[in-house]
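The structure under discussion appears below in the form of structure tokens.
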Amino acid sequence: MEKKLCGAKTRSGEPCKRAALANGRCRLHGGKSTGPKDRAKHKGSLKGNKNALKHGLYEAIWVDTLTDEERELYSLVSTDPASQVENRFKLCEIRIRRMMERIKQEQQKEKPNPATIRAIEESITRVEMNMVNLIRESSRLLEMQGNKSDGSLDRLAEILDRARKEYKRS
């Protein structure tokens, strides 16, 4: 009896010469796992599987998978670009303040972990870069609307400046 080969395309472009499993592919090309065998015990575990979710950055979200609470929030979210930019900026500011508080807590420990502090500081820098992009987006929106500046960009810059000074003090 001739052994069945996987045949999946490898990096070199050649067909895989490993032995195929029951579904026709080798263990390296998708022949091993088909999901949980006990579907009743793991009800719905394949649809929207969250078993390996760490932070949610790459999580796929579809309207039909939302909870009732999330559906309510979904209906309340504004689609106005200016409102979106303003809300995201406010959330960034809160995120920075929380991270600065975590740095303070780490520094107050008996043995502060410098790697943890450095990681939080790098995260603050990324959030601040996001805030700069939000300020640019806000400027573009104002230009598109043809409105004169009401000083909100100046206030945003002041808030950023205060946050940096506050961070340096701690």
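Using DSSP to define loop residues, name the trypsin sites (Lys or Arg not before Pro) in segment 100-170 whose beta-carbon has at most 16 other beta-carbon atoms within 10 Å.
Values: sites: ARG102, LYS104, LYS109, ARG118, ARG126, ARG136, ARG140, LYS148, ARG155, ARG162, ARG164, LYS165, LYS168, ARG169; in loops: LYS109, LYS148.
Sparse-neighbourhood loop trypsin sites (Lys or Arg not before Pro): LYS109, LYS148.
Among the aspartates and glutamates, which have Cα under 15 Å from the Cα of LYS109 when same-chain residues fewer than 8 positions away are ignored?
Cα-Cα hits under 15 Å: GLU101.
Residue separation times 0.36 nm, minus the C-alpha to C-alpha distance between ALA82 and LYS168: what's the value?
Extra length available between ALA82 and LYS168 comes to 27.9 nm.
Read-outs: derived from the displayed coordinates by stated rules, not from any lab. Keep in mind that this is a model prediction, so the values were computed, not measured. Don't worry about glycine lacking a Cβ; one is built from the backbone with ideal geometry, like all the others, and counts go over all protein chains shown.
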